[in-house]
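The values are calculated or read from the model by the stated rules, or taken from the named source; none is laboratory data. Owing to the predicted nature of the structure, the values given are computational and were not obtained by experimental measurement. Methodologically, a virtual Cβ is constructed for each residue, glycine included, from the backbone with ideal geometry; neighbour enumeration extends over all protein chains shown.
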Amino acid sequence: MDFVKNIEAVILAAGDYPTAPIPLDILCQAQCVVCCDGATDEYIARGNRPDAIVGDGDSLSYDVSTKYSEIIHIDSDQETNDQTKAVKFLHSKGVTRIAIVGATGKREDHTMGNISLLAEYQRWGLDVRIYTDYGVFVACSGTQRMACRKGQAVSIFNISARNLFSEGLQYPIYDFSQLWQGTLNRTTAEQFVISAEGEYLLFIAY
């Protein structure tokens, strides 16, 4: 799987700052970096300048608020989190292929919320993926064919899918009703196929 193909913009969320080579490379090579407001200080402290800072503004330091005021975009909607505000900001600019790094770690409830929101972004017609230090989360629907390495770890999290079927995985899949049931699978070839009616999330380990 080409983990970094055709990324148009990167969102740095306010979880743990990435440390693994793939998410760090994605961040370093980004054409456009949007920081959620709580991630901005560390990004700047590492010698970088974001292209935009998006959020409700509650985590912005005074120095950032004054020095970078021209690129700060405040969204006070309390029905969405800062990650979603950043996705909406990029969507409004016509960006459809987005990588998110720093979305996991720290508070586990934030981590689960950030990952589950990928399905919502897919419904908006966007290709948004979360890159962690260990792998990538991808929102999917219908039939998906993925290139991979033989023996690569894969987990499937069912959202609304029925008639789940796979090719190229060690363990057969079915209509999972619990989040854990599709975890810890493994590829048996250089591609795998998931067939389904409805939505599901994939986690593919590097």
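Before moving on, here are some points about what is shown:
- Test result for SER116, of a type in the set (Ser, Thr, Tyr) and not assigned by TED's automatic domain parsing to the domain that holds ILE26: no
- Any chance HIS110 is surrounded by 15 or more Cβ atoms within 10 Å (Cβ to Cβ), modelled with pLDDT under 95 and not in a loop (DSSP other than H, G, I, E, B): yes
- Per this entry, SER195 is not counted among residues that are surrounded by fewer than 20 Cβ atoms within 10 Å (Cβ to Cβ), over 21 Å from the mean Cα position of the chain (by Cα) and either free of Cβ contacts under 8 Å to residues at least 24 places away in the same chain or under 19 Å from ASP127 (Cβ atoms) (or both).
- Close pairs from the range 12-31: first closer than 18 Å to ARG97 by Cβ, partner polar (S, T, N, Q), Cβ under 6 Å, at least 6 apart: ALA13/GLN83
- Long-range neighbours under 9 Å by Cβ, at least six apart or interchain, first residue surrounded by 10 or more Cβ atoms within 10 Å (Cβ to Cβ) within the range 66-84, second acidic (Asp, Glu) and assigned to a helix (DSSP H, G or I): ILE72/ASP37; ILE74/ASP37; ASP75/ASP82; ASP82/ASP37; THR84/GLU120
- Among the residues listed as LEU201, LEU169, LEU184, the single one being surrounded by fewer than 17 Cβ atoms within 10 Å (Cβ to Cβ) and either under 24 Å from TYR121 (Cβ atoms) or at pLDDT 95 or above (or both): LEU184
- Test: VAL128 is buried (at least 21 other Cβ atoms within 10 Å of the Cβ), in contact (Cβ under 8 Å) with a residue 24 or more places away in the chain, in contact with a Lys or Arg (Cβ under 7 Å, 6 or more places away or on another chain) and aliphatic (A, V, I, L, M): no
- Across the range 23-61, the qualifying residues are those that are closer than 26 Å to SER76 by Cα and small (Gly, Ala, Ser), and the one among them that is surrounded by the fewest Cβ atoms within 10 Å (Cβ to Cβ) is ALA45.
- Test: residue in the range 94-106 that is within 18 Å of ALA205 (Cβ to Cβ), part of a helix (DSSP H, G or I) and of a type outside the set (Gly, Ala, Ser): no
- Hey, GLY47 in contact with a His (Cβ under 7 Å, 6 or more places away or on another chain), at pLDDT 95 or above and of a type outside the set (A, V, I, L, M, F, W, C) or not: no
- Strands (runs of 3 or more DSSP E) fully within the range 1-73 that include at least 2 residues being of a type outside the set (A, V, I, L, M) and under 18 Å from the mean Cα position of the chain (by Cα): 33-36.
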